[in-house]
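Colleague: Structure incoming, see below.
The values are calculated or read from the model by the stated rules, or taken from the named source; none is laboratory data. Nothing here was measured: the structure is a model prediction, and the numbers come from that model. Please note: Cβ atoms are built from the backbone with ideal geometry, for glycine as well, and neighbour counts cover all protein chains shown. These area figures cover heavy atoms from the full protein model, side chains too; ligands, DNA and RNA do not enter into them. Shrake-Rupley method; radii C 1.70, N 1.55, O 1.52, S 1.80 Å.
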Amino acid sequence: LKAMHDVSEALGLPRLPRRIECYDISNTSGKEAVASMVVFQDGKPDKKSYRRFRMQLSDGPNDYAMMQEALWRRFKRGLQERASAETEDRVTGKQRKFSAFPFSTLPQILFIDGGKGQVSAAKQVFDELNLDIPLAGLAERNEELFIPKQSEPIILPRDSGALFLVVRARDEAHRFALSYHR
């Protein structure tokens with residue numbers, strides 16, 4: 001819980017990030033590209049919510065385009081599921097849980113394995129879909145966080161719970177993507 005508070009404070013989030021999604025792209029020599037989505041609920045992995053997206057792009061390896069494809073597919077479907085759930089609620093008069101629609105639950109923050117370029121690509125998708133979800137990219141070399149419209153990275157203290165949580169989510173997304181190729 002403290003790590004989530006630390007993440008919220010470091011990134012200036014409007015609320016505690018109870019649901020965190022993290023994305024990574026993986027391919028083998030430019031082929032069989034896959035994007036992974038891992039979910040952390042209340043700071044812990046929620047493995048039943050993990051998803052993989054086999055890339056449909058055929059222009060060769062392009063991390064930015066593949067990230068956009070994965071995010072577009074995930075959030076477009078999520079918005080459609082939310083609309084379906086709301087319509088069903090109005091018709092039946094009963095309120096269904098969003099859990100019946102797995103993509104309808106949106107994260108309080110989204111992390112991407114990558115730096116400024118990946119964050120810009122993701123932000124473009126969010127802008128097109130009119131989504132206002134906080135977004136950050138974790139650049140692996142120095143574990144720097146990049147957020148849209150900020151040129152300088154955010155450096156979390158090396159011993160902070162926030163850094164541990166973000167790195168753990170990124171590493172889990174990486175592991176889950178690589179497991180597809182095995």
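Colleague: Quick one: what pairs do we get from region 107-122, first residue in contact (Cβ under 8 Å) with a residue 24 or more places away in the chain, second assigned to a strand (DSSP E or B) and basic (Lys, Arg), C-beta under 8 Å, 6+ apart or different chains?
Modeller: Partner pairs satisfying both residue conditions: Pro107/Arg19; Gln108/Arg19.
Colleague: Mind counting the residues in region 159-170 that are open to solvent by less than 70 Å² (accessible area, probe 1.4 Å) and either of a type in the set (Val, Ile, Thr) or without any contact (Cβ under 8 Å) to a residue 24 or more places away in the chain (or both)?
Modeller: Summing the residues that are open to solvent by less than 70 Å² (accessible area, probe 1.4 Å) and either of a type in the set (Val, Ile, Thr) or without any contact (Cβ under 8 Å) to a residue 24 or more places away in the chain (or both) in region 159-170 gives 3.
Colleague: Restricting attention to region 19-43, which residues are basic (Lys, Arg) and at pLDDT 95 or above?
Modeller: Arg19
Colleague: Can you name the number of the only condition in (1) of a type in the set (S, T, N, Q); (2) more than 24 Å from Arg168 (Cβ to Cβ); (3) part of a helix (DSSP H, G or I) that Ser8 fails?
Modeller: Single failed check for Ser8: (2).
Colleague: Residues of region 123-163 being of a type in the set (Phe, Trp, Tyr) and over 15 Å from Leu11 (Cα atoms), which ones? Even if it seems obvious, please write down each step before you answer.
Modeller: So in region 123-163, the residues of a type in the set (Phe, Trp, Tyr) come out as 126, 146.
Phe126, the sole residue that qualifies.
Colleague: With the condition kept exactly as written, say whether any residue in region 103-120 is at pLDDT 95 or above, out of contact with any helix residue (DSSP H, G or I) (no Cβ under 9 Å at 6 or more places or on another chain) and more than 20 Å from Leu16 (Cα to Cα).
Modeller: Looking for residues that are at pLDDT 95 or above, out of contact with any helix residue (DSSP H, G or I) (no Cβ under 9 Å at 6 or more places or on another chain) and more than 20 Å from Leu16 (Cα to Cα), one finds at least one in region 103-120, hence yes.
Colleague: Take Leu145 and decide whether it is open to solvent by less than 40 Å² (accessible area, probe 1.4 Å) and not in a helix (DSSP H, G or I).
Modeller: So Leu145 fits the description; yes.
Colleague: Here are some conditions: (1) open to solvent by less than 40 Å² (accessible area, probe 1.4 Å); (2) outside any loop (DSSP other than H, G, I, E, B); (3) at pLDDT below 95. Leu156 meets all but one. Which one does it not meet?
Modeller: So Leu156 meets the others, but not (2).
Colleague: Anything in region 14-33 that is crowded, with 20+ Cβ neighbours inside 10 Å and under 14 Å from the mean Cα position of the chain (by Cα)? List them, or say none.
Modeller: Scanning region 14-33 gives Pro17, Ile20, Glu21, Cys22, Tyr23, Asp24, Ile25.
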